[in-house]
1. Which one of 224, 191, 165 is farthest out on the positive end of the charge dipole of the chain, using unit charges on Cβ (Lys, Arg +1; Asp, Glu -1) and the Cα centre as origin?
2. Just name one of 93, 111, 49: the one whose Cα is farthest towards the positive end of the charge dipole of the chain (beta-carbon charges, Lys/Arg +1, Asp/Glu -1).
3. In percent, what relative contact order does the chain have, based on Cα pairs under 8 Å that are 6 or more apart in sequence?
4. Suppose the chain between residue 97 and residue 71 were pulled fully straight at 0.36 nm per residue; how much longer would it get relative to their current alpha carbon spacing?
5. Give the cross-link partners of residue 218 among the lysines, using a straight C-alpha distance below 17 Å as the criterion and excluding same-chain residues fewer than 8 apart.
6. Pull up the cross-link candidates among the lysines for residue 197, meaning alpha carbon to alpha carbon under 16 Å and not fewer than 8 places away within one chain.
7. Relative contact order (percent) for the stretch 138-195, with alpha-carbon contacts under 8 angstrom and 6 or more residues of separation?
8. Within the stretch 189-212, what residues put their amide N at less than 20 Å from the label point 7 Å along the Cα-to-Cβ vector of residue 47?
Amino acid sequence: MKIELTGVPETLLWNLYHRAAEARRPDAVLADPKAVELVDSIDYPFERFGGGQLAQWHALRVACFDEEIRAFLARNPGGTVVALGEGLETQFWRVDDGLVRWVTVELPETLEARHRLLPDDPPRRRSVAASAVDHRWMDEVGADDVLITAQGLLMYLRPPEVKELIAACAERFPGGTLIFDAVSRGLVKRSQEGKLKSAGGYRAPAWQWGMDPGEYTKIASLSPAIADVRYLPLPRGRGVFTLAPWAHRIPIVRGLRMSIVSVRFHGLRDGGAPG
Ligand SMILES: C[S@@+](CC[C@H](N)C(=O)[O-])C[C@H]1O[C@@H](n2cnc3c(N)ncnc32)[C@H](O)[C@@H]1O
């Protein structure tokens with residue numbers, strides 16, 4: 001199947017390709033047969049992404065999200081996961097417990113491509129064609145037992161949009177949680193200078209927002225409805241990635257890396273959320 005996306009939507013193929021590249025290995029840190037199936041069925045010059053050197057790192061990153069989602073579903077059977085900017089993520093198939101309600105919020109052009117490959121399956125799996133920064137998508141999601149993910153998305157938004165989105169989620173989903181990843185400020189700068197290019201020649205659109213690892217605690221100041229903010233370490237991988245859970249303590253890696261952050265919102269009963 002031919003996929004003709006450009007600009008930011010095309011970046012979803014980079015993520016998909018790396019997940020599939022890792023999942024093909026016998027010693028993979030992520031089982032993702034659906035990603036392999038998709039890459040095999042899409043007509044796209046994946047070689048421009050290079051040899052998949054970043055595959056394990058990508059896989060560990062999404063495994064970190066998966067783990068948080070599984071823990072959320074164990075605590076909230078039948079809860080709702082809202083995946084902002086989901087692209088061709090196959091996370092539902094990795095974490096499905098048979099009860100989860102899953103809502104994809106994506107730009108219309110990306111959603112059209114997703115639906116051709118991964119059609120909705122209501123009532124458990126549905127989607128909203130909207131920009132995450134147009135907060136009307138929040139009206140389409142019930143307020144109870146919600147976990148929102150923004151995996152590989154916020155770096156493509158403008159800084160005020162990121163702050164408004166986090167604050168609005170906190171205010172609209174009492175008791176909910178948002179998990180997002182952020183690139184460091186150094187990486188944003190290198191991206192804007194056009195210095196990030198894959199071995200195969202692909203250059204993603206410039207990132208707009210980033211946050212240094214030590215800054216995650218500042219997120220709490222975005223809204224009084226935020227109860228706490230946690231830094232999520234990557235799971236342990238193989239080879240040099242055996243050290244992945246401690247990467248944030250290694251100075252040379254620290255400036256280059258991404259952080260994954262979980263933001264928990266006050267529930268109505270603990271009085272932090274607006275009425
Ligand atoms: C790097 S991809 C990440 C895809 C997926 N989350 C993953 O981890 O594989 C970025 C995704 O964000 C989506 N996107 C970009 N801007 C968006 C916006 N304003 N609202 C919703 N989605 C957006 C793109 O269409 C694309 O699917």
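Just so it is clear, none of the values below were taken in a lab; they were calculated from the coordinates. This structure is a prediction, so every number in the text was calculated from the model and none was measured. Ideal geometry is used to build each Cβ from the backbone, glycine not excepted, and the neighbour counts take in all protein chains shown.
1. 191
2. Checking the options against the dipole of the chain, the answer is 49.
3. Details: 511 pairs, mean separation 49.1, N = 275.
18 percent.
4. Details: separation 26, 0.36 × 26 = 9.36 nm, distance 1.10 nm.
Contour length minus Cα-Cα distance gives 8.3 nm.
5. Filter leaves 163.
6. Candidates past the 8-residue exclusion: 189.
7. Values: 47 pairs, mean separation 27.2, N = 58.
Rounded, it is 47 percent for the stretch 138-195.
8. Once the point is set 7 Å along Cα→Cβ of residue 47, 197-204 turn out to lie under 20 Å by backbone N, inside the stretch 189-212.
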